[in-house]
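First up is the structure itself, then whatever we jot down about it.
The values are calculated or read from the model by the stated rules, or taken from the named source; none is laboratory data. As the structure is a computational prediction, the values presented were derived from the model and not from experiment. In this analysis, Cβ positions are derived from the backbone assuming ideal geometry, glycine residues included, and neighbour counts consider all displayed protein chains.
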Amino acid sequence: MVGLGRIGKLHSRHVHELAHETGECRLEAVVDENQDRAREFAERYSAKAFFSVEEMAASGVAEASVIGTPTDCHRAHAAALIGAGQRVLLEKPLTGSLDEDRAFARELNERHPYAVMLAFQRRFDEPLQLAKQWMEEGRIGRVFKISSILEDSNPAPNGYKSLGILADMSVHNVDEILWLTGKLPTAAASIGTCLYSRRLSSAVEDFDDGFLYIWFDSELAAQVQVTRNHVSGYRVETWIFGEKGQIHIGRFEQKPFEVVVEAYGRSEPLGRKTFPMRDYGEPLPEFADRFGPAYKAEVAEFVRRCLDGSAFPVTHNDGMRAMEVIDAGMRGAIGLEQGGKVAAA
């Protein structure tokens, strides 16, 4: 496990659990430049502690790695591990800019096309998988609009390095939409505002509210809503609108360990299922309450693909495509500073 911050803590736990449950993997090493933290995790999981990626890669102790370091380190850390013969599960986004995404994707496609699995955990989420199944079955007819909402209850933590609220948060929503539809958009636009939570953290971010609109051909559109200002709790919802009805995934009733998938027609219900989420019994980032099982399923799939040598189901190219959509939206963005002054257009 490379990087032992918020997401590294969760991934480490899941790898350790899978080692005991399946015997198909073992958490052999942890890497963090914070030596005290690296030693703490190493002791907790009976792993070796390293303080640099290069040192761990040169040691040959591992065959695969999960990378959860800051975004601006992703390319260098992934390249070092791939060069040492490893396959990697890399947290989103791929790199720190679209130009670098494209350059790294070209390099990987030419030299190491099967080396990177990008960590879009929503694809492994059972509620969303059921919704996709209902879509493909035609339960709600032709889909014409998708609305994907992600709202944090607090600002990014002090010191957090963000590429901007759309690039940092909505990359998951955009990938979800591309995965659900199987289509690439034709246009995008966005708007952002600074309203409240940015004052509460030292993290530098462009906006604390963002909205992205995406157009496809064939009379299909999607909208993404992200914010750091949902003060009454974490909110994750997706609405899928079809000509015969709609599907709703997730609801906000301050029940973080229960996710409902429901479909309604014009005059009758079409299906409903409740999925229990995992209570880890300890303080974790709020996204772990909603997506804990998906994160674990993602790591399990990564391990299986490493064992059989097959291609990953989601790759660096998926990460680049999601960022291309966000970049297109940002280039058509309007930013409103507090008080309504136009900052950029």
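Reported count of residues in the range 151-193, each being under 25 Å from P313 (Cβ atoms) and either in contact with a His (Cβ under 6 Å, 6 or more places away or on another chain) or of a type in the set (K, R) (or both), is 1. In the range 3-10, the count of residues that are touching a residue at least 60 places away in the same chain (Cβ under 8 Å), in contact with a Ser or Thr (Cβ under 6 Å, 6 or more places away or on another chain) and buried (at least 17 other Cβ atoms within 10 Å of the Cβ) is one or more. Number of residues in the range 66-120 that are in a loop (DSSP other than H, G, I, E, B), small (G, A, S) and either surrounded by 22 or more Cβ atoms within 10 Å (Cβ to Cβ) or in contact with a helix residue (DSSP H, G or I) (Cβ under 6 Å, 6 or more places away or on another chain) (or both): the value is 4.
Quick check on my filter: what residues within the range 59-77 are of a type in the set (G, A, S) and more than 20 Å from N34 (Cβ to Cβ)? It would help to see each step written out before you state the result.
Narrowing the range 59-77 to residues of a type in the set (G, A, S): 59-60, 62, 64-65, 68, 76.
Hits for the range 59-77 are G60, A64.
Candidates in the range 278-298 are the residues that are among the hydrophobic types (A, V, I, L, M, F, W, C) and within 13 Å of the chain's Cα centre (by Cα); of these, the one that is surrounded by the fewest Cβ atoms within 10 Å (Cβ to Cβ) is F287. Taking the criterion of being farther than 16 Å from V303 by Cβ, touching a strand residue (DSSP E or B) at 6+ places or on another chain (Cβ under 8 Å) and assigned to a loop (DSSP other than H, G, I, E, B), the residues of the range 48-65 that qualify are F51, S52, V61. Of all residues in the range 306-316, exactly one satisfies the criterion of being farther than 23 Å from V174 by Cβ and touching a strand residue (DSSP E or B) at 6+ places or on another chain (Cβ under 7 Å), namely C306.
Reported count of residues in the range 11-26, each being closer than 16 Å to M1 by Cα and polar (S, T, N, Q), is 1. Residue-level check: of (1) under 18 Å from C306 (Cβ atoms); (2) free of Cβ contacts under 8 Å to residues at least 40 places away in the same chain; (3) surrounded by 14 or more Cβ atoms within 10 Å (Cβ to Cβ), G60 misses just (3). State which residue pairs qualify: first residue modelled with pLDDT of 95 or more and inside the range 241-256, second residue exposed (fewer than 15 other Cβ atoms within 10 Å of the Cβ) and part of a loop (DSSP other than H, G, I, E, B) in any location, beta carbons under 8 Å apart, and separation of 6 or more residues or different chains. Pairs that qualify, where the first residue is modelled with pLDDT of 95 or more and the partner is exposed (fewer than 15 other Cβ atoms within 10 Å of the Cβ) and part of a loop (DSSP other than H, G, I, E, B), are G242/G141; G242/R142; E243/G141; E243/R142; K244/G141; K244/R266; G245/G141; G245/R266.
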